[in-house]
1. Does Val152 satisfy being surrounded by 18 or more Cβ atoms within 10 Å (Cβ to Cβ), in contact with a helix residue (DSSP H, G or I) (Cβ under 9 Å, 6 or more places away or on another chain) and either among the hydroxyl-bearing types (Ser, Thr, Tyr) or assigned by TED's automatic domain parsing to the domain that holds Ala326 (or both)?
2. Quick test for you: out of Val88, Val59, Val31, Val75, pick the one residue that is without any contact (Cβ under 8 Å) to a residue 60 or more places away in the chain and closer than 24 Å to Arg141 by Cα.
3. Kindly provide the set of residues from region 81-106 that are in contact with a Ser or Thr (Cβ under 7 Å, 6 or more places away or on another chain) and either surrounded by fewer than 24 Cβ atoms within 10 Å (Cβ to Cβ) or at pLDDT below 95 (or both), ordered by number.
4. As an exercise: evaluate Arg126 against (1) within 20 Å of Leu142 (Cβ to Cβ); (2) among the basic types (Lys, Arg); (3) assigned to a helix (DSSP H, G or I) and give the number of the one condition it does not meet.
5. Could you check, for region 242-253, whether at least one of its residues is touching a Lys or Arg at 6+ places or on another chain (Cβ under 7 Å) and modelled with pLDDT of 95 or more?
6. Would you mention how many residues in region 96-124 are touching a strand residue (DSSP E or B) at 6+ places or on another chain (Cβ under 8 Å) and under 17 Å from Asp365 (Cβ atoms)?
7. Of all the residues that make up region 69-81, how many are assigned to a helix (DSSP H, G or I) and of a type in the set (Asp, Glu)?
8. From the list Gln189, Gln206, which one is crowded, with 19+ Cβ neighbours inside 10 Å, modelled with pLDDT of 90 or more, part of a helix (DSSP H, G or I) and outside the structural domain of Leu295 (by TED's automatic domain parsing)?
Amino acid sequence: MSLKQSLHLARWLGPWAAATGRPEGVCRRTVHVEGPPGDEGFDAWLYWPADGPAVGSYVLAHGFHFNGPLDWRLVRLCHILASAGLAVFVPFLRDFMALRIAPRAIDDFRRAFVTMRQQPEVPPGRPGVFSISVGSLLALRLASDPELHQEVGGALLFGGFADWAESMAFCLTGELPDGRQVRHDPLNQPAIYMNLVDDMEGLAVQEVAALKRAWLRVMQRTWNQARYDHGANLTEVLDDEVRHVPERIRGIFLRGCGAGPEGHAAAMKVLEGGFGDERRYLDPRPWLHRVSCPLYLIHGVDDDVVPVTQQARLVEALPPGARYRAYQTGLFGHTGSEGTALNAAAQELYTMVKMLGALQAAAKDLGDVV
């Protein structure tokens, strides 16, 4: 691990860094990723250091967000990684930008990985895979792909999931598998409903489409806006948007936004009913036996989208002999921990050092966990 790179990453990724600042000295260009016959494909952004050749590389799977790689937080992260000497390839994942999870996203990410390796700015060797939140499904499916798994140098998952239904139930209720109730973010709930509403009973096709449009408008108005953090002042948005929703479906619209008196019974019924063979792709665990690269599983202890309990689910599903490291951190959005503040801070800083090492290792094809 390069000390210079570690210090650079610590400067920009540590809790002391300004949330909106980003380093200079980074190049970026657009790359087109070809689709299968009849599919026009999609674009990706390739970042690389301006002051010399890259010494490692990542293909990055973003999470659910309508802005995708345009999200300023993701742009900042890519600048930080590229300025540390890495080439970073970020595809515009069409389904994830539409706030849905679909089999095509797995194929799109696979094609992005193949296309990235053809770019002259990407160094030789096996690239790493970096995923954020639900993007972990794409990272794990690539790392276990029957044809490509041996071409992946390492995989770093930040906030990954093993059990889709369990994770989505948490987003709706804030309840962990052991019954504990913890803080969750109601602003995420419309995205969950968008992925479940097709399986809810008694809704016409045009009503489903109207609901999806309305939920998307709510998310576009509230996500990443300090005024609406964790549902604050959400009523003013809902009072405005509900007027544009047909009266018969206003109740489910409001429930999809975490409002209304009837709770999430319809959504939970879909989750508890399972998904059948057609949704089998949502579970990464049946394919994990093929993963041959080192895995780094990083999770925030206060993650209010994918609960930290999913990290243990992933570890349990790994095959014997799997090479992995698992880290939990409270540096970002920490709400408190046991022990003295000094001991907690020391442990967090130690964890951060290990995570920064993992961040470099997964991108550099070191062949084993560090």
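1. On the way: surrounded by 18 or more Cβ atoms within 10 Å (Cβ to Cβ): yes; in contact with a helix residue (DSSP H, G or I) (Cβ under 9 Å, 6 or more places away or on another chain): yes; either among the hydroxyl-bearing types (Ser, Thr, Tyr) or assigned by TED's automatic domain parsing to the domain that holds Ala326 (or both): yes.
In short, yes.
2. Working: Val59 fails: without any contact (Cβ under 8 Å) to a residue 60 or more places away in the chain; Val31 fails: without any contact (Cβ under 8 Å) to a residue 60 or more places away in the chain; Val75 fails: closer than 24 Å to Arg141 by Cα.
Matching residue, one of Val88, Val59, Val31, Val75: Val88.
3. Correct list: empty.
4. Here Arg126 clears every test but (3).
5. Pass one, region 242-253, residues touching a Lys or Arg at 6+ places or on another chain (Cβ under 7 Å): 242.
With modelled with pLDDT of 95 or more added as a condition, the list becomes 242.
Yes, region 242-253 contains a residue that is touching a Lys or Arg at 6+ places or on another chain (Cβ under 7 Å) and modelled with pLDDT of 95 or more.
6. Total meeting the criteria: 6.
7. Quick first cut of region 69-81, residues assigned to a helix (DSSP H, G or I) only: 69-70, 72-81.
Restricting the remaining residues to those that are of a type in the set (Asp, Glu) gives none.
Here the count works out to 0.
8. Numbers: Gln206 fails: crowded, with 19+ Cβ neighbours inside 10 Å.
The unique qualifying residue is Gln189.
The values are calculated or read from the model by the stated rules, or taken from the named source; none is laboratory data. Model, not experiment: these values are computed from the prediction. Backbone-built Cβ (ideal geometry, glycine too); neighbour counts: all protein chains shown.
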